[in-house]
Amino acid sequence: MNYLNILETNIYDKRLEGEFLVVGSCVPNLYPEVFKNFEKEWKNIFSFCLEEFHYNQLLSKLFNILALGKTRKVGFLTVDGSPHCIQMHFVSKYLKRGLKVQDISYKHFVIRKDGGVFEVGMEEIDKTKDLAERGKEKKRP
């Protein structure tokens, strides 16, 4: 159940055309039943771990893949509650901003500890990133 790390994939690899899913590398081992369902739905799956590699490496790789390739849909599947995995979901916001490509869709899926899977929208992801927007301002002396 080892999938090729997205960083080790050539940006012109035919498996990146159309659609592909990037999963946290721990997902297949932690949630094998959940992962089997995603294998049925997503033909091309690649792994990535933000505990092992830096966020910028993923962003740069996906930027090149999407700018130069024929991808129309990218999915992200991670575990919930991980301070590392949440960063994988931030990537699509910056890809959209930098690429200005409107015809690529991004899907975000999170697995709860009990194995439940949720599709999460960019609004919810932004809430986890922009903490000052959610907090109360405290005046400093």
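What trypsin sites (Lys or Arg not before Pro) in segment 1-48 are in a loop by DSSP, with at most 12 other Cβ atoms within 10 Å of the Cβ?
Numbers: sites: Lys14, Arg15, Lys36, Lys40, Lys43; in loops: Lys43.
Taking segment 1-48 and a limit of 12 other Cβ atoms within 10 Å, the loop trypsin sites (Lys or Arg not before Pro) found are Lys43.
Counting only C-alpha contacts under 8 Å and six or more residues apart, can you give the relative contact order of the chain as a whole percent?
In percent, rounded to a whole number, it is 24.
At 0.36 nm per residue, minus the direct Cα-Cα distance, what do Glu17 and Asn37 gain on full extension? Give it in nm, one decimal, please.
My answer for the length gained is 5.1 nm.
Using amide H atoms built 1.01 Å from N in the peptide plane, name the residues 5+ places from Gly18, or on other chains, whose amide H lies under 5 Å from its own.
When sequence neighbours closer than 5 places are left aside, the close amide H contacts are Lys70, Thr71, Arg72.
Antiparallel as a % of all DSSP beta bridges within segment 21-130, to the nearest 5?
20 percent
Using the beta-carbon distance between Lys138 and Asn10 and R0 = 35 Å, what value does 1/(1 + (r/R0)^6) give for FRET efficiency, to the nearest 0.05? Could you put the intermediate results ahead of the total?
Working: r = 50 Å, r/R0 = 1.43.
Computed FRET efficiency for Lys138 and Asn10: 0.10.
Just want to confirm a number: the relative contact order over segment 1-69, from Cα pairs under 8 angstrom separated by 6+ residues, in percent.
49 percent
Can you compute the charge dipole magnitude of the chain about its Cα centre, using +1 on each Lys and Arg Cβ and -1 on each Asp and Glu Cβ, nothing else charged? Give it in debye, rounded to the nearest 20.
Details: 23 positive and 19 negative charges, 107 e Å.
In debye, rounded to 20, the chain gives about 520.
Please give the net charge around Glu19, taking every other residue with its beta carbon less than 11 angstrom from that of Glu19, where Lys and Arg add +1 and Asp and Glu add -1.
Local charge sum for Glu19: +4.
With each label point set 7 Å from Cα along the Cα-Cβ vector, what nm distance links Asp80 and Lys127?
1.2 nm
Which distance in nm do the two modelled labels at Gln57 and Tyr94 give, with both placed 7 Å along the Cα-to-Cβ direction?
Using points 7 Å along Cα→Cβ, the separation is 1.4 nm.
Coordinate-derived values only; no laboratory data. Please read these numbers as outputs of a predicted model, since none were measured by experiment. Cβ sites come from the backbone with ideal geometry, for glycine too, and all protein chains shown count toward neighbours.
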